[in-house]
Amino acid sequence: MKKLLLASIFAAFALVGCGSEKAGDTAGAKADPNKTYEIKFAHVVSANTPKGKAADFFAKRVEELSGGKIKVHVYPSAQLVDDDKVFQELKRNNVQMAAPSFSKFTPFAKEFNLWDIPFIFRDTEHLHKVMDGEVGQILKDVISQKGFIALDYWDAGFKQFSTNKKPIVNPEDAKGQKMRIMSSKVLEEQTKAIKAIPQVLPFGEVYSALQTGVVDAAENPLSNLYNSKFYEVQSSITMSNHGYLGYLVVVSDKFWQGLPQDLQEVVKTAMKEATAYEREESAKEEAMLLDKLKTDDKTGTKIYELTEDQKKAWQEVMVAIYPKFYDIVSKELIEKTINTK
């Protein structure tokens, strides 16, 4: 009788243990073959941009790799929600995926100011090694602690100086010029370091501000500069590659935790492919736009390429202000970025 009672108790504990594992490990379970998972992927650019094309590429690949178990509906051009509100929609799981620009993360993840630090990236190869290495993972972990799943980094492009006054080829050329910047302490310090006057303006107001002289200069990747036709109201562009703009693809944590582990792996695989595709498309677009500015621009915009000596002069000015960013980004993260090989 005693043995029978003990056996019953052990059996009861075993059943409780099994039930607990199933209830608490939804993401670890395999996908139900009869269930389809829907993803709303919201972004703010047009479908024919590198980011827009990559979002569509991802949607197609994840459906193929999942055998139709995951269906992605892409909403470009802020059709569903803009990037200022997308984080709260991700929290609510009304949107499952988004690809906001880095600047949208800085209000709650100050470490993301790293991407604004001037001349910290030697070239595109160095940039991607930072993104895909230890520093990139540290920043993803910061976002994960804020309640989002960080998947991968996509390119928007390096920023170039443009102006309708004296061409900004050497640091001293910017002195006294009113330069439009995004709201950023890093960009403000960068602008002051070259004795220019920082002017924070919404992007939608930049063209008219350049046209009317409210600002003299700006900094943008070629895609922004060309597609917004800033060349119509500016006389020169300097290929400075001094800063960088990019995106981080994030997923709703609530959605991710309810997605079986085998399908999580499918999403990661499709995203890896989409990232390679997006970066390739971004590089192609930049080369095409530079060629257009050089050959098709009827406004006489002058393109300046920096010499190695000129690059060094810029780097010397900007490296000197890096300590001002230690309290924002951290000295360790800046040094890890510089030392990435």
> Of the residues that make up the stretch 216-235, is at least one among the aromatic types (Phe, Trp, Tyr) and part of a strand (DSSP E or B)?
Replying inline: no
>> Let me confirm something: among GLU278, GLU335, which residue is open to solvent by 30 Å² or more (accessible area, probe 1.4 Å) and not in a loop (DSSP other than H, G, I, E, B)?
In response: GLU335
> If we scan the stretch 300-308, do we find a residue that is of a type in the set (D, E, K, R), open to solvent by less than 30 Å² (accessible area, probe 1.4 Å), touching a Pro at 6+ places or on another chain (Cβ under 7 Å) and over 22 Å from SER184 (Cβ atoms)?
Replying inline: no
> Given LYS51, LYS60, LYS30, which one is of a type outside the set (Val, Ile, Thr), surrounded by fewer than 19 Cβ atoms within 10 Å (Cβ to Cβ) and at pLDDT 95 or above?
Replying inline: LYS60
> In the stretch 205-215, which residue that is in contact (Cβ under 8 Å) with a residue 12 or more places away in the chain and assigned to a helix (DSSP H, G or I) is surrounded by the fewest Cβ atoms within 10 Å (Cβ to Cβ)?
Replying inline: GLN211
>> Anything in the stretch 319-341 that is charged (D, E, K, R), in contact with a helix residue (DSSP H, G or I) (Cβ under 6 Å, 6 or more places away or on another chain) and closer than 22 Å to THR191 by Cα? List them, or say none.
In response: LYS324
> Pick from LEU333, LEU245, LEU293: which is over 24 Å from ALA99 (Cβ atoms) and aliphatic (A, V, I, L, M)?
Replying inline: LEU293
> Is it the case that PRO202 is in contact (Cβ under 8 Å) with a residue 12 or more places away in the chain and of a type outside the set (D, E, K, R)?
Replying inline: no
> Only one of (1) surrounded by 16 or more Cβ atoms within 10 Å (Cβ to Cβ); (2) of a type in the set (Phe, Trp, Tyr); (3) out of contact with any strand residue (DSSP E or B) (no Cβ under 8 Å at 6 or more places or on another chain) is not met by TRP314, so which one is it?
Replying inline: (3)
> So, of the residues in the stretch 84-108 that are assigned to a loop (DSSP other than H, G, I, E, B) and surrounded by fewer than 18 Cβ atoms within 10 Å (Cβ to Cβ), which turns out to be modelled with the lowest pLDDT?
Replying inline: ASP84
>> Within the stretch 248-262, does at least one residue satisfy the condition of being open to solvent by less than 60 Å² (accessible area, probe 1.4 Å), in contact with a Gly (Cβ under 7 Å, 6 or more places away or on another chain) and in contact (Cβ under 8 Å) with a residue 60 or more places away in the chain?
In response: yes
>> When the residues of the stretch 317-332 are narrowed to those that are open to solvent by less than 60 Å² (accessible area, probe 1.4 Å) and not in a helix (DSSP H, G or I), which ends up farthest from PRO221 (Cα to Cα)?
In response: SER330
>> Condition check: in a loop (DSSP other than H, G, I, E, B), modelled with pLDDT under 95 and surrounded by 19 or more Cβ atoms within 10 Å (Cβ to Cβ). Does ALA78 satisfy that?
In response: no
>> Quick test for you: out of ALA270, ALA218, pick the one residue that is surrounded by 16 or more Cβ atoms within 10 Å (Cβ to Cβ), of a type in the set (Gly, Ala, Ser), under 22 Å from HIS128 (Cβ atoms) and within 21 Å of the chain's Cα centre (by Cα).
In response: ALA270
>> Can you tell me how many residues within the stretch 133-148 are farther than 18 Å from LYS336 by Cβ and open to solvent by 30 Å² or more (accessible area, probe 1.4 Å)?
In response: 3
> Do we find a residue being of a type in the set (D, E, K, R) and farther than 26 Å from GLU89 by Cβ anywhere in the stretch 251-268?
Replying inline: yes
>> Pull out all pairs, ordered by first then second residue, where Cβ-Cβ is under 6 Å, the residues are six or more apart or on different chains, the first lies in the stretch 169-196 and is open to solvent by less than 20 Å² (accessible area, probe 1.4 Å), and the second is part of a loop (DSSP other than H, G, I, E, B) and among the basic types (Lys, Arg).
In response: ASP173/LYS166; GLN177/LYS165
> If you check SER236 against the conditions, is it open to solvent by less than 10 Å² (accessible area, probe 1.4 Å) and touching a residue at least 24 places away in the same chain (Cβ under 8 Å)?
Replying inline: yes
> Can you tell me how many residues in the stretch 115-132 are part of a loop (DSSP other than H, G, I, E, B) and crowded, with 17+ Cβ neighbours inside 10 Å?
Replying inline: 5
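The values are calculated or read from the model by the stated rules, or taken from the named source; none is laboratory data. Since the structure is predicted, the reported quantities are computational estimates derived from the model, not experimental observations. Every residue, glycine among them, receives a Cβ derived from its backbone with ideal geometry; neighbour counts consider all protein chains shown. Ligands, DNA and RNA are excluded from the accessible area calculation, which covers all protein heavy atoms including side chains. Shrake-Rupley method; radii C 1.70, N 1.55, O 1.52, S 1.80 Å.
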